[in-house]
Amino acid sequence: MKKFLSVVLVLLLMAGTSYGLEKKVIKLGLLSKLNTTEEQFMETWRKTFAPKNENLEIVIKFYDNLNAMQMALNVNDINEMILPDFTADYVMNMDKSYRSSLVLRSKGMGLAFGFSAENKHLQMQFNEALTALISDWTLSALEGIYIASPGMTEPEPIEFRNFEGAEEIRIAVTGDLPPIDYIAADGRPAGFSTAVLSEIGRYLKKNIKLINIEAGARTAALTSGRVDVVFWYEIDTTKEVQPDVPEGIILSQPYYEWDRFVHLVKVRDEDKKTKGWDPSSWWSVRDVINLHDTGAQ
Amino acid sequence: MSLNEILYRILIQGGSYLTILKGLRATVEISVFSLFFGTLLGAFVCGLRMSRLKIFNIPAKIYIILLRGSPVLMLLMLMYYGVFARSSLEANTIAIVTFSLNVAAHVAELLRASISATDFGQVEAARTLGFSAFQAFRLVTLPQVIQIAKPVYQSTVVNLIQWTSVVGYVSITDLTRVINNIASRTMQPMITIIIGMLIYLALAYVVHGIFALTDMISNRGKEKEV
């Protein structure tokens, strides 16, 4: 009997110890950065958002495009995908099985056009055009059309105006960041960025040529001179130096700014029954808003 | 959303099927031209590789090792964003050049292996009977080489079609790129990618069918001769 009790005690101790040591791993998906590795990003992430629970380990995984990240979420390779609010809204509007679990506020996020460092002249022209488009409210109007209700409607792709004999600006688009940058059903680039570019072309009286490439090849396309401009470089407008922008690339002023990142989860029937959703308990973050509390989708 | 609605959004809405066909055309065009030029270049490289002169066979060996050992995406990006960055060549042309170079290395090795597998004694016998070197090659060696090389060549063709799926990195909108674009727009990656895979599978079966047809024709020819 003593032996039996000892064995049970040892087993219980072992189970308890291993249970205590076992860390829960939360895997978060993000779109690949241009110049930052997963490890570097995780380091910064840990400093900003510390997990509440010591037994919680956060793993960041990068994906080259939204499709790959969605599929990773579908097969539980990641627990959540983190997207800028406009793309998250687009995803949720298009597919009702995605829900926001958490919203993180981060001041001063922006999208900017990228140029080769040798092309300062074009950068200045774009900045001048953007300043004019901001002051006459053109950019605000375009935000209303493309970003206010993303995914609910699909605005027709823009017809670019042709300026006879004018210089042509070649711009790389990826189609990987709806509703800012996507490819319409007829194969033409569409979205907020193309509308902004159309206005810039009109302002500068230059022809715009859009070239569809993979997101991962943006920097190579720019530095090799294959394209003159790349759109959607994600920047932090509060910083002087952009850590994620590779050397040899210069940026325009931001043409769109936002301050929320949304954690998206895939809601499955079995999850609804057994787990429930309270991911906010995972984090002690500086500024968290739960969308469900505020009534927003 | 029902499956029918999803399929409608992916395949029909806004003329999506036309975009898919355009992508398919780009994939087929690049594959066919690369195969044609790659096979010609491969036969030439094979000739150099089998030469007894070191001045020919060493460069051919190096070419085969380099091209077979390097990932085709790296080669494509090197050609497009490096070697031909300042040229006015179209992206499609650069892709065809790149894939032709890659296919040539594989075809060269494939032909060399097939030629080595034939019995040299048969050529000697043909020469003894008065055949010229060219006649002996055309009438004795070549038919056997074709038979030996055919199954592996068929795999090379199917592989080539699959390799072309990386051309999106050099601004070509091929079938894979179109499928990715549709998946991003509709937010239905799983179904869209399955559709894309089925189209690639269909292409592989077309290749298989063409090879089966050539087998059938050659068998009928033999039967008539008999």
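Read-outs throughout are calculated quantities, based only on the coordinates presented, and are distinct from any laboratory measurement. In this text, all values refer to a predicted model and were calculated from it rather than measured experimentally. Counting neighbours? That spans all protein chains shown, and the Cβs are built from the backbone with ideal geometry, glycine included.
Rounded to 0.05, the FRET efficiency of the A:GLU257 and A:LEU56 pair, given R0 = 35 Å and the Cβ-Cβ distance, is 0.65. Averaged over the residues of peptide A:178-189, the number of Cβ atoms from other protein chains lying within 10 Å of each residue's Cβ is 5. Checking the table A:LYS107/A:LYS206; B:LYS61/B:LYS150; A:LYS61/A:LYS206 against a 32 Å threshold on Cα-Cα, which pairs fail? Check vs 32 Å cut-off fails for A:LYS107/A:LYS206; A:LYS61/A:LYS206.
Ordering A:GLY110, A:GLY248, A:ALA148 by Cα displacement along the dipole of region A:109-258 toward the positive end leaves A:GLY248 in first place; charges were set at the Cβ atoms of Lys, Arg (+1) and Asp, Glu (-1).
Its residue count N sets the reference 2.2 N^0.38 Å, and the alpha-carbon radius of gyration of region B:3-217 equals 1.24 times that reference.
Residues whose amide H falls under 5 Å from that of A:ILE169, counting only those 5 or more places apart or on a different chain, are A:ASN207, A:ILE208, A:LYS209, with hydrogens built in the peptide plane. Across region A:99-104, coupling constants 3J(HN,Hα) worked out from phi with the 6.51/-1.76/1.60 Karplus curve, θ = phi - 60°, read 9, 7, 10, 7, 10, 10 Hz, and Gly and Pro carry x. For region B:3-217, a simple Cβ point-charge model (Lys and Arg +1, Asp and Glu -1, everything else neutral) yields a dipole of about 420 debye relative to the Cα centre. Along region B:53-68 the Karplus relation, 6.51 cos²θ - 1.76 cosθ + 1.60 evaluated at θ = phi - 60°, assigns HN-Hα couplings of 7, 5, 4, 9, 6, 5, x, 5, 4, 4, 4, 5, 4, 4, 6, 6 Hz to successive residues, with x for each Gly and Pro. Please name which of B:GLY23, B:ALA95, A:MET69 has its Cα lying farthest along the dipole of the protein assembly as shown towards the positive end, using unit charges on Cβ (Lys, Arg +1; Asp, Glu -1) and the Cα centre as origin. It is B:ALA95.
Shown for B:ARG138, A:ARG170: other C-beta atoms within 10 Å of each C-beta, ranked fewest to most, produce the order B:ARG138, A:ARG170. Our Cα-only numbers for the protein assembly as shown put the radius of gyration and Dmax at 28.9, 99 Å. Which one, B:ILE96, B:ILE58, B:ILE179, has the greatest fluctuation when you compute a Gaussian network model over chain B with C-alpha springs under 10 angstrom? Judging by the Gaussian network model, the answer is B:ILE58. Eigen-decomposition of the gyration tensor built on the alpha-carbon atoms of region B:132-176 gives equivalent ellipsoid semi-axes of 37, 12, 5 angstrom, largest listed first.
For region A:191-259, the convex hull spanned by the alpha carbon atoms encloses 118 Å³ per residue.
In this Cβ point-charge picture (+1 for Lys and Arg, -1 for Asp and Glu), region B:1-126 has a dipole of about 340 debye about its Cα centre.
Ratio of Rg to Rh for region A:109-258, alpha carbon only, Kirkwood?
0.93
Look at the stretch B:169-181: the mean tally of other chain Cβ atoms within 10 Å of its residues' Cβ atoms is 5. Put a dot 7 Å past the Cα of A:LYS239, heading toward its Cβ, do the same for A:ARG188, and the two dots end up 3.8 nm apart.
Local charge for B:ALA104 was computed over the other residues whose Cβ lies under 14 Å away, with Lys and Arg +1 and Asp and Glu -1, and equals +3.
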